[in-house]
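Input: a single structure, listed below in structure tokens.
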Amino acid sequence: MTAKDTLEKIKKEFTEMIAGCGDLRSLEDIKVKYLGRKSELTTVLRSISGFSSIQKKEIGQYANLLKNQFAEKIKNLQENLGASRAKSEAKKIDVTMPGIAARKGTIHPITRVMNRINEIFISLGFGIAEGPEIESEFYNFEALNIPLDHPSRDAFDTFYIEGKQLLRSHTSNVQIRIMQNALPPFQVIMPGRVYRPDAVDATHSFMFHQVEGLMVDKDIKFSHLKGVLSCFCRSMFGESILMRMRPHFFPFTEPSAEVDISCIICKGKGCRVCSGNGWLEILGAGMVNPKVFKAVGYAPKKYTGFAFGMGVERIAMLLYGIEDIRLFYENDIRFLSQFV
Ligand code: DAH
């Protein structure tokens, strides 16, 4: 076999091997076999010194040409096989890997308590209404029998905006809006945010939440108020809770009362939370003052009704044993994630 024939044979063999090669490992073997130090092609190149000068040139050139062609083909195939391996590896999904758990949010404690209050009153047949946080003096004060020159106005002092607009200092403003737009009988609760220019400390905030209640019909009595509120207290704080009403003054109700529950921490024995007296004040209430009915244009003496208002933060603090109101507003995940 002439050197030329040997080279043709090597070329044919190499071409077939490359065509049938489908992975990087066999490609490496081919590389060693056809370009390695012990390859036939290298042997031919090494023996070239014994050839005549014409042959030297012809065989030498051809052998080098083949060497370059082989190297190029191997390089191309190497690139193609490498790329497709990377692709198929990227596609592989390990179904046994633990998943990445989605971090679930929780309901804010104020929203939770508010939802619970709403649920209880809905079960008693109350509707829910909302009103504006930016109000006029009429709805926040005058219509509720809190005249400009009356000292009780201090208790409901608030932030003023341009003109005579203000941020409501209680949810009682919604009572007036309801009565202006509907005739009795009705019973509604009115949840929402309220504002007061109080210095912020562990028990005060310039913004907090209230739920207002109002029931009006032709023959509503104080006993209805007491019945509804004691039912609310039992549902909210447990069947064994006691409730008492103390006479109080609110301009928009007459008579008025403050409502206490037996201390949920010490069960009435006296502890730090109830300042040792066994009772916790949770809301204000009373029979709607006829002057309020007059302000909304109801026929005098035709209707009677009761109203009440409670602070949501206060109830949440008692229920969850939270000692600082500021925790509700700081958005600290360590605090909020406890309410699941
Ligand atoms: N508006 C009162 C407050 O912010 C709470 C209140 C007391 C509402 C008695 C009422 C009520 O409707 O009858 O302190």
Table column - 3J(HN,Hα) (Hz), region 272-277, Karplus curve with 6.51, -1.76, 1.60, x for Gly and Pro: 5, 5, 9, 6, x, 9
Under Karplus coefficients 6.51, -1.76 and 1.60, residue-wise ³J(HN,Hα) of region 318-327 in Hz, glycine/proline x: 5, 5, 9, x, 8, 9, 9, 4, 5, 4
Region 78-179: radius of gyration over Cα atoms, expressed as a fraction of 2.2 N^0.38 Å: 2.30
Protein accessible area in region 109-336, 1.4 Å probe - carbon and sulfur %: 54
Angle between the chain longest axis and helix 109-123 axis [Cα atoms, degrees, rounded to 10]: 60
The chain: calculated mean residue ellipticity at 222 nm from DSSP helix runs of at least 4, using -39500 (n - 2.57): -13000 deg cm²/dmol
GNM top mover of 145, 289, 64 - the chain, alpha-carbon springs below 10 Å: 64
Approximate spin-label separation residue 28-residue 4, in nm, with each point projected 7 Å along Cα-to-Cβ: 3.9
Built amide H within the under 5 Å cut-off of residue 194, gap 5+: 208, 209, 210
For the chain, cysteines whose Cβ has no other cysteine Cβ within reach (under 4.7 Å): 21, 231, 233
Per-peptide average of other Cβ atoms within 10 Å, ordering 103-113, 179-189 highest first: 179-189, 103-113
Given charges at beta-carbon only (K, R positive; D, E negative), |dipole| of the chain in Debye: 1820
Per-selection metrics, the chain (Cα): Rg and Dmax in Å: 43.6, 135
D (Stokes-Einstein, µm²/s), Kirkwood Cα radius, region 1-68, 0.890 mPa s at 25 °C: 195
Acute angle (nearest 10 degrees) that the helix 53-91 long axis makes with the longest principal axis of the chain, alpha-carbon atoms: 20
Projected area, mean over directions - region 1-125, Cα convex hull, nm²: 15.2
Computed over region 49-205: relative contact order in percent, which uses C-alpha pairs under 8 Å that are six or more apart: 21
D_trans [Stokes-Einstein, Kirkwood Rh over alpha-carbon pairs] for region 131-276, 4 °C, 1.567 mPa s, µm² s⁻¹: 75
Radius 15 Å from Cβ of residue 137, net charge of other residues (Lys, Arg +1; Asp, Glu -1): -3
Ranked packing of 217-223, 202-208, most packed first, by mean Cβ within 10 Å: 202-208, 217-223
Given 9/56; 38/91; 218/269; 226/301; 67/92; 164/218, the pairs whose alpha carbons are separated by over 29 Å: 38/91; 218/269; 67/92; 164/218
Largest-first ellipsoid semi-axes for region 229-319, taking √(5λ) over the Cα gyration tensor eigenvalues, angstrom: 31, 12, 11
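The values are calculated or read from the model by the stated rules, or taken from the named source; none is laboratory data. From a predicted model like this one, the values you see are computed outputs, not experimental measurements. Reconstructed Cβ throughout: ideal geometry from the backbone, glycine too, with neighbour counts over all protein chains shown. Surface areas here come from the heavy atoms of the whole protein model, side chains and all, with no ligands, DNA or RNA. Shrake-Rupley method; radii C 1.70, N 1.55, O 1.52, S 1.80 Å.
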